[in-house]
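K.L.:
Here it is, the structure in full.
The values are calculated or read from the model by the stated rules, or taken from the named source; none is laboratory data. Just so you know, these numbers come straight off a predicted model, no measurement behind them. Cβ: placed from backbone, ideal geometry, glycine included. Neighbour counts: every protein chain shown. When the accessible area is computed, the model is the full protein with side chains, heavy atoms only, and any ligands, DNA or RNA have been set aside. Shrake-Rupley method; radii C 1.70, N 1.55, O 1.52, S 1.80 Å.
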Amino acid sequence: MKFIAILMSLLVSSCFSCATLHGLTNTDPIKKAYQSVGRLSAISKDGKKGIFATGFAIDDKHIMSAAHFCISAFEGSVKGQWDEKINIMFVYHNDLIELKKILEIELIEEKTDICILRGNPGLVPVEFVDNYSKVQIGDKIHTVGASLSLFPILSEGTISVPKMDVGDGERMLFASIHVSPGNSGGPVFSEDGKVIGMVLMQIVPVFVLSADSPFCLAQRSDVLKRFAKMMEEE
């Protein structure tokens, strides 16, 4: 896509994802919001290869994550590296109880990089921010996910650009928040614990010679909500 070419000309991006190694906050409502987040993984038959991402519950039986993770799992399946049926494991913490669910792809769109997976009922859904237009530069944000496959890892930062033009008519959330591999598909929370975006890409300026990036690109919550509504209307 056009915006990929634009980003590559300005940036060196080593991975899609996020996060610095901080402990989980004990403050509500952020702590409550984290109960809806989990680590996604797809493991090869021999157990020697795996890919990881982050996902979050949008209702009691659906998980939202980044499409590029789901596509990677699917391509691995086609090439025989994974099980014939795409089994993606979702592990999350709800009141300190670790639950495991096997998920299957329900809906996927590459342009917006959104994937929705279906699992068994019992998940704890997130809340989306009511009006994305109220998101402002400098707003404090939080994200949590499977940074470098570790889970749960917390990162805190601020909004840099609520709607950045990335080409092809796409306008995404650009945030000043440390990111690293494994947090693709992780929710970006406002201070009151509501989802305002989903992490898609680690952004590494060309002058930063490090895999740890201070920026990330995320899909906006108003776009995410349109996909979540499709599941409500089933």
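K.L.:
If you plug each phi of the range 66-74 into the Karplus form 6.51 cos²θ - 1.76 cosθ + 1.60 with θ = phi - 60°, what whole-Hz ³J(HN,Hα) values come out, in order, with x for Gly and Pro?
P.N.:
Going residue by residue, I get 7, 4, 5, 5, 4, 5, 4, 5, 5 Hz, with x marking Gly and Pro.
K.L.:
Show me 132-138, 35-41 ranked by packing, highest mean number of other Cβ atoms within 10 Å first.
P.N.:
35-41, 132-138
K.L.:
On to the next question. With the cut-off at 23 Å, tell me which of the pairs Lys61/Lys194; Lys111/Lys229; Lys111/Lys134; Lys134/Lys229 have Cα atoms farther apart than that. Working shown, then result.
P.N.:
Numbers: Lys61/Lys194 19 Å; Lys111/Lys229 18 Å; Lys111/Lys134 25 Å; Lys134/Lys229 21 Å.
Going by Cα-Cα distance, Lys111/Lys134 fall outside the 23 Å limit.
K.L.:
Of Leu224, Ile159, Leu123, which is farthest along the charge dipole of the range 122-234 in the positive direction, counting Lys and Arg as +1 and Asp and Glu as -1 at C-beta?
P.N.:
Ile159
K.L.:
Taking the solvent-accessible surface of protein heavy atoms with a 1.4 Å probe, what is the per residue accessible area of the range 107-234 in Å²?
P.N.:
Ligands and nucleic acids excluded, the result is 42 Å² per residue.
K.L.:
Sticking with this structure for a sec: Could you list which residues have their amide H under 5 Å from that of Asp139, counting only those 5 or more apart in sequence or on another chain, with H placed in the peptide plane?
P.N.:
Amide H neighbours of Asp139: Ile159.
K.L.:
Something else now. Using a 1.4 Å probe and counting only protein heavy atoms, arrange Lys101, Lys111 so the residue with the most accessible area comes first.
P.N.:
Most to least solvent-accessible, the answer reads Lys111, Lys101.
K.L.:
Could you tell me which of rounded, prolate or oblate describes the range 131-197, using a ≥ b ≥ c as the square roots of the eigenvalues of the alpha-carbon gyration tensor, with rounded for a/c under 1.5 and, failing that, prolate when a/b is larger than b/c and oblate otherwise?
P.N.:
oblate
K.L.:
Ranking request for peptides 151-161, 173-183: highest mean number of other beta-carbon atoms within 10 Å first, then the rest in descending order.
P.N.:
Going from most to least packed, we get 173-183, 151-161.
K.L.:
Say each of Leu150 and Lys49 gets a label point 7 Å from the Cα, pointing the same way as Cα to Cβ; how far apart are those two points in nm?
P.N.:
2.6 nm
K.L.:
Tell me the label-point distance for the pair Asp168, Met230, using the 7 Å Cα-to-Cβ offset, in nm and rounded to one decimal.
P.N.:
Those two pseudo-labels are separated by 1.5 nm.
K.L.:
Once both labels are modelled 7 Å past Cα along the beta-carbon direction, what's the Ile71-Asp130 spacing in nm?
P.N.:
Each label point lies 7 Å from its Cα, and together they span 3.6 nm.
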